[in-house]
Amino acid sequence: MTQAHPRVMSATPASSRATPASRRREIGRRGSRRSPLRRYRTGAYGAWALHVRGLLSEARLDDRPALVDALLAPLAPDVYLHQRETGLAAKGISEDLAELARRALGV
């Protein structure tokens, strides 16, 4: 008689058993193991920063690098995770971020 490998827990992949909340926690844990500055060195962050710089320029707020980072900060995965775990609804977060953008750009 052969025994199953001791690390095999289930035939169902962990990702399919995970709830949305457990997936958000795992994303937060993975992010916390990395350098907190790592996300600023990615191409994605650079692209978002370039986009926000362009929007600020259109709003006549040129050359405001600190403002670019301040406007992108609420979009960080750990911030979203914290907000969701404290009971904020995704729709409410989205609406508040849209309001922040409108007010920052004066539209």
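Please treat every number below as a calculation from the coordinates, not as lab data. Owing to the predicted nature of the structure, the values given are computational and were not obtained by experimental measurement.
Between LEU100 and ALA76, full extension at 0.36 nm per residue minus the direct alpha carbon distance yields a gain of 7.1 nm. For ALA76, nonlocal amide neighbours, meaning residues 5 or more places apart or on other chains whose placed amide H falls under 5 Å from its own, do not occur.
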